[in-house]
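Q: Mind looking over this structure? Questions follow.
The values are calculated or read from the model by the stated rules, or taken from the named source; none is laboratory data. Here the structure is a predicted model, which is why all the values come from computation and not from measurement. Cβ coordinates were reconstructed from backbone atoms using ideal geometry, including for glycine residues, and neighbour counts include every protein chain displayed.
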Amino acid sequence: MMTRSSGRIWSLLFFVTAILFADLSFADIYRYLDKEGVWHFTNVKPNTRYQLYIKTPEKKTIAEAIGDYDRVIKQAADRFGVEPMLVKAVIKAESDFDHKAVSVKGAKGLMQLMPGTAEALEVKDSFDPAENIFGGTKYLAMLLGRFNGNKELALAGYNAGPEKVGAEGRIPRIPETEAFVKRVMEYYNSFLAGGK
């Protein structure tokens, strides 16, 4: 049987967890305080006693996400001579425009820069959208130069590493890399067709 004090402890633990992980929530959180002074939390509002406590942020549309970074993408693309639509397509495929994204391998930010790559590109904070976009676009420009403007080989190099692509002279037969190149090219062509 739960005592009044243990109920308060569990409520407090839930409260702290809800605050710490609010950004990771996928549902609204409701709460109410009972007559014993115990907070009750739920992600489904069962009755009018429960009031909205944490609101899940609305997910941005792709157009809104692109709009947030459009100016920086254009600046980086102009500086390094890369098509803005290609930069957008890489960002969409890599992070879906989430500047806080982290892959299981440790790649970070919008263009999913690995720590060593970020350091080589002098990107100090991979979670800073402008730094990440400029660094990732510079890297993409280097790969396009290395592979004579061949977008698919440059993208394969972006995913699997330029040495692997250079050694094979083609897109490596790595399912992840083949899927990545295909996905980016689909986004690229879609962005071109839509003019966004």
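Q: So which residues in segment 68-106 are in a helix (DSSP H, G or I), in contact (Cβ under 8 Å) with a residue 60 or more places away in the chain and crowded, with 19+ Cβ neighbours inside 10 Å, if there are any at all?
A: Tyr69, Ile73, Ala76, Ala77, Met85, Leu86, Lys88, Ala89, Val90, Lys92, Ala93
Q: Next up: Which ones in segment 156-192 are out of contact with any Leu (no Cβ under 8 Å at 6 or more places or on another chain) and either under 17 Å from Val82 (Cβ atoms) or not assigned by TED's automatic domain parsing to the domain that holds Ala107 (or both)?
A: Hits for segment 156-192 are Ala156, Asn159, Tyr187, Asn189, Phe191, Leu192.
Q: Please go through (1) in a helix (DSSP H, G or I); (2) free of Cβ contacts under 8 Å to residues at least 40 places away in the same chain; (3) of a type in the set (Phe, Trp, Tyr) for Phe134 and return the number of the only condition it doesn't satisfy.
A: Only one criterion in (1) in a helix (DSSP H, G or I); (2) free of Cβ contacts under 8 Å to residues at least 40 places away in the same chain; (3) of a type in the set (Phe, Trp, Tyr) is unmet by Phe134, namely (2).
Q: Sticking with this one: Any residue in segment 170-196 that is among the β-branched types (Val, Ile, Thr) sitting within a Cβ distance under 8 Å of a residue that is surrounded by 14 or more Cβ atoms within 10 Å (Cβ to Cβ) and not in a helix (DSSP H, G or I)? List the pairs, counting only those 6 or more apart or interchain.
A: So the pair list comes out as Thr177/Ile171; Val181/Ile171.
Q: Now a separate question. So Ile171 ticks every box in (1) surrounded by 13 or more Cβ atoms within 10 Å (Cβ to Cβ); (2) assigned to a loop (DSSP other than H, G, I, E, B); (3) modelled with pLDDT under 95 but one. Which box is left unticked?
A: Condition (3) is where Ile171 drops out.
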